[in-house]
Amino acid sequence: METYLITLLSNQQPRRQRVIENILMNRRTLTTLFWGSRYGILSWLGSNRQLEREHFDAMLKQMKQDGLIEIKNQFILLTVQGQACKQQFSEQHYVPRHEQQYLKYNLNAGWPRLLLAGQVVSEFSYENIKYAPISFEDHELRYVKQWFNNNKSEQFVKNFKQEVNEFLLTLSETEAQFFTELLVGHDSPGLSIDQLTTKLSIPLIDGEVMATDLMVGIMEFAHCHQTLLKQLFQDLKLESPISHSGYITYQLFQDQYSIEQIEQMRHLKLSTIREHLLEAAIFDGVNFPYDRLLTDRQLKALAVQYTGNIDDWQFKMVTDDKNLDFFDFRLYQIMRGMQNE
Amino acid sequence: MNEQQLHTILQQEFGFDSFRPGQQEVIESVLNGNDTLAILPTGAGKTLLYQFPAKVMDGVVIIISPLLSLMQDQVNRLRQLGEKKVTMLSSIQTFGQQQATLNHLNQFKYVFASPETITKPEVIQHLQRIEIAMIVIDEAHCVSQWGPEFRPQYLLVKTLLKTVPHKVTLMLTATATQRVQGDILIKLGLSVKQVTTVRQSVNRPNIFLSVNKVNSDKDKRTELLGLVNGVSGAGIIYFSSRKQATQVAQWLQEQTNLNVAAYHAGMNQTTRYKIQHQFMNDELQIICATSAFGMGIDKDNVRFVVHYHVPANLENYVQEIGRAGRDGEQSLAVLLYAPGDEYLQVNLSDLTIPSDAVVNDFMENRIDKNQLGDISNLLKFYQDQHLQPEQVINIFHQQRQKNRQQLDKLLEYINTLECRRSIILNYFSENLLKHDLVCCDGLGNDLNINQLELKQSNKKLVENELKSWQSRLGKLFFVKS
């Protein structure tokens, strides 16, 4: 994933170093989500949870030394050379196709689920019951076992193979080869991403990104047409990218409850409810009912108060309720940002 | 249960005609309800020691195991043997997952856990509610280990044994000197008189012991290359750093036509599973590993084990070379040594032992605990046990001294011109029967690989070219026509 970092940077918009780091590591504060959305990099949320700050900073240091970026007050901007490098990067590296769908799925659980299911079907097809499953997680084992028991029939192996085959037909030869070699089966443990990228002579980072992208690809595919695969991935499709608690608040709000009512119903602080709604606005974009929270009069006042580049707006207090003022400001900022897109 | 009944079960349940040396004594002792310390060499068939009683006794078998990767290996092994009711309480579970496992403990026959997890008060509460057949302490020498492997929570296992009702305790280890044996029992609160000790020799006569002294790291690589090209069959090369293991694996892959991979605990679980199984399937010939590899590896035909760095002590060394030659065929263990290599070990163990100043600062809250890492865990443990700073400092002094002594023993093994095997056996209070041409490279008997007549392996032809995805799919999912 390392050099993909350059694709998260811009030569026009200085981007906060820690926001990018937090996005990769899935540190979901409202500030991170807001700026992640401003930078258009939210789909990378949680894509590198094991990232260590030391390592991240070292990558930036290297890029700076190579003349690709400038860092001022923790804001990163691509240099002319960096911009050229970014463009070249997309030409030379794997370009994800399903990036827009990443937030719809529980990405980390996809491969472990498919590998285990593939192994179960493969061993079943060779009539072997004594083998070491690739997963150690009781929940995963139970889920796949139930899926297997619900579908076991004479045609099971054939149907499963057929569904996977149909998905593979939508891929390039390299992608299909990459995908099948990762799978684990009877008497054939498959290859690691590291081994596979060496054999295919592609960079390791491309393999990592490809693995994620193809996983989202098969989950999308499964939800559109298939039965066995659809059932297999059913619970990995998220109800929403919004945090669980935020989602509950947003649903109540959409059911026409007011902020005050939700505050009472959920026994949460007012400021928490407001944060939930801002999070919902960030993820729901233009579909968020802004007009229920910002009146025409407020909008007119805000339009006078805040002008110019949205990223440069400085929050100003207008009443003596700082929390409310900030909420209105940020919501307006999100709304305008979405409209501009 | 009489001998005939034991053999009937052995045959019917496990498909074996006879026990391996030591197995029967341990199983009988356990079935008679005696707490048992079993010291059996690597490859003696440890799994059966708890799997057999588990078949006969009611209740759950708890296995305390030091490493996640080892637990995963063991869980895998049991599942491969057809045992379905196996689970693992581990740090990789989320809180919810762990709760779910704890609430269903009764439904499992085997529960694996680390000492850290199993001694948590809420876990102990769950254990008190179920019927437990036996508590197994695997790699029991860890209870007594100092240095990098030291795990304070092992000291709480004593309380666990006292407060959680169970029928019998079984301690398993492959290597333990007399001193360590005694220490294990003391730390677990058991008395020597009440415990049956079953011991098999640590000697593995079919492994030729050799030390290769070189001048530099570059020479090490040259020697290593000669070795892996000269010996046919599978081999494991041990390193003390992940980085080196990875680098040398890549280098060997480039320099030879062998299939080589690295293996260490920093790799994700899927990759570890794949590498391990490729090795067991003979798709890989060489593994460059850290000590995370091998505790649970069940591969008979490992022909050689090389140590690229010196291990911390002879116990570890004997354990690690024991992964060679489980099939009884002639095998080889080579330790590569360059002058000064021991300082790496000294540094490694010193890193894990805090200085007097750090101890004092910690105990008086003058230091940021987050900066200390694992050491802070250990210090906090002592603090919670109400130890005074002087006592803690004293413990660490002793620890440092013991590490040096162990390393000195290892250097004695490296530097001897006499029989190397006799040094190992003396260390474990055993006597050597005879030194011969296939014993070791001491007494002027230099290593000659050709003369050793190592068994030629019938290597699977490994195809380096990937097949088409259609053919891969066909192989994965076999559809009868």
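From the list A:Thr32, A:Thr79, the lone residue that is outside the structural domain of A:Glu140 (by TED's automatic domain parsing), in contact (Cβ under 8 Å) with a residue 60 or more places away in the chain and open to solvent by less than 30 Å² (accessible area, probe 1.4 Å) is A:Thr79. Only one of the numbered conditions (1) within 12 Å of another protein chain (Cβ to nearest Cβ); (2) surrounded by fewer than 19 Cβ atoms within 10 Å (Cβ to Cβ) is not met by A:Pro203, and that is (1). The set of residues in segment B:64-109 being basic (Lys, Arg) and open to solvent by 20 Å² or more (accessible area, probe 1.4 Å) consists of B:Arg77, B:Lys84, B:Lys85, B:Lys109. Among the residues of segment B:274-311, just one is open to solvent by 10 Å² or more (accessible area, probe 1.4 Å) and without any contact (Cβ under 8 Å) to a residue 12 or more places away in the chain, namely B:His277. Taking segment A:157-190 as the range and being more than 7 Å from chain B (Cβ to nearest Cβ), in a loop (DSSP other than H, G, I, E, B) and without any contact (Cβ under 8 Å) to a residue 60 or more places away in the chain as the test, the residues that pass are A:Leu169, A:Thr170, A:Leu171, A:Ser172.
Can you find even one residue in segment B:316-324 that is touching a helix residue (DSSP H, G or I) at 6+ places or on another chain (Cβ under 6 Å), within 30 Å of B:Val157 (Cα to Cα) and either of a type in the set (S, T, N, Q) or open to solvent by 50 Å² or more (accessible area, probe 1.4 Å) (or both)? No, segment B:316-324 contains no residue that is touching a helix residue (DSSP H, G or I) at 6+ places or on another chain (Cβ under 6 Å), within 30 Å of B:Val157 (Cα to Cα) and either of a type in the set (S, T, N, Q) or open to solvent by 50 Å² or more (accessible area, probe 1.4 Å) (or both). Criterion applied to A:Glu181, A:Glu137 was being among the charged types (D, E, K, R), within 30 Å of B:Leu105 (Cβ to Cβ) and buried (at least 20 other Cβ atoms within 10 Å of the Cβ), and the one residue passing it is A:Glu137.
Within segment A:112-127, the set of residues being touching a residue at least 12 places away in the same chain (Cβ under 8 Å) and open to solvent by 40 Å² or more (accessible area, probe 1.4 Å) comprises A:Pro112, A:Phe124, A:Tyr126.
Number of residues in segment A:303-313 that are open to solvent by 70 Å² or more (accessible area, probe 1.4 Å), within 20 Å of A:Gln12 (Cβ to Cβ) and not hydroxyl-bearing (Ser, Thr, Tyr) equals 2. Do the conditions hold for A:Leu8, that is, is it surrounded by 18 or more Cβ atoms within 10 Å (Cβ to Cβ) and over 20 Å from A:Asn108 (Cα atoms)? For A:Leu8, the condition - surrounded by 18 or more Cβ atoms within 10 Å (Cβ to Cβ) and over 20 Å from A:Asn108 (Cα atoms) - is met.
Conditions tested, residue by residue: (1) loosely packed, with under 15 Cβ neighbours inside 10 Å; (2) at negative phi; (3) at pLDDT 95 or above.
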position: B:Ile423; (1), (2), (3): no, yes, yes
position: B:Asp436; (1), (2), (3): yes, yes, no
position: B:Asp441; (1), (2), (3): no, yes, yes
position: B:Leu447; (1), (2), (3): no, yes, no
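Take the conditions (1) in contact with an Asp or Glu (Cβ under 8 Å, 6 or more places away or on another chain); (2) in a helix (DSSP H, G or I); B:Asp58 misses just one of them, which is (2).
With respect to the conditions (1) under 23 Å from A:Leu103 (Cα atoms); (2) open to solvent by 50 Å² or more (accessible area, probe 1.4 Å), A:Tyr257 falls short on a single one, namely (1). For the structure I just gave you, tell me whether B:Leu437 is free of Cβ contacts under 8 Å to residues at least 24 places away in the same chain and either of a type outside the set (Lys, Arg) or more than 23 Å from B:Tyr343 (Cα to Cα) (or both). So B:Leu437 passes the test. So for segment B:453-463 (the condition being farther than 30 Å from A:Ile193 by Cβ, among the hydrophobic types (A, V, I, L, M, F, W, C), open to solvent by less than 90 Å² (accessible area, probe 1.4 Å) and out of contact with any Lys or Arg (no Cβ under 9 Å at 6 or more places or on another chain)), does at least one residue qualify? There is no residue in segment B:453-463 that is farther than 30 Å from A:Ile193 by Cβ, among the hydrophobic types (A, V, I, L, M, F, W, C), open to solvent by less than 90 Å² (accessible area, probe 1.4 Å) and out of contact with any Lys or Arg (no Cβ under 9 Å at 6 or more places or on another chain). Pairs linking a residue in segment B:98-113 that is more than 11 Å from every other protein chain (Cβ to nearest Cβ) to a residue that is at pLDDT below 90 and open to solvent by less than 10 Å² (accessible area, probe 1.4 Å), with Cβ atoms under 8 Å and 6 or more positions apart or on different chains, are B:Tyr110/B:Val75; B:Tyr110/B:Leu78; B:Ala113/B:Met71; B:Ala113/B:Ser90.
The values are calculated or read from the model by the stated rules, or taken from the named source; none is laboratory data. Keep in mind that this is a model prediction, so the values were computed, not measured. Positions of Cβ are generated from backbone atoms using ideal geometry, with glycine treated the same way; all protein chains shown enter the neighbour counts. Note: areas computed on protein heavy atoms with side chains; ligands, DNA, RNA excluded. Shrake-Rupley method; radii C 1.70, N 1.55, O 1.52, S 1.80 Å.
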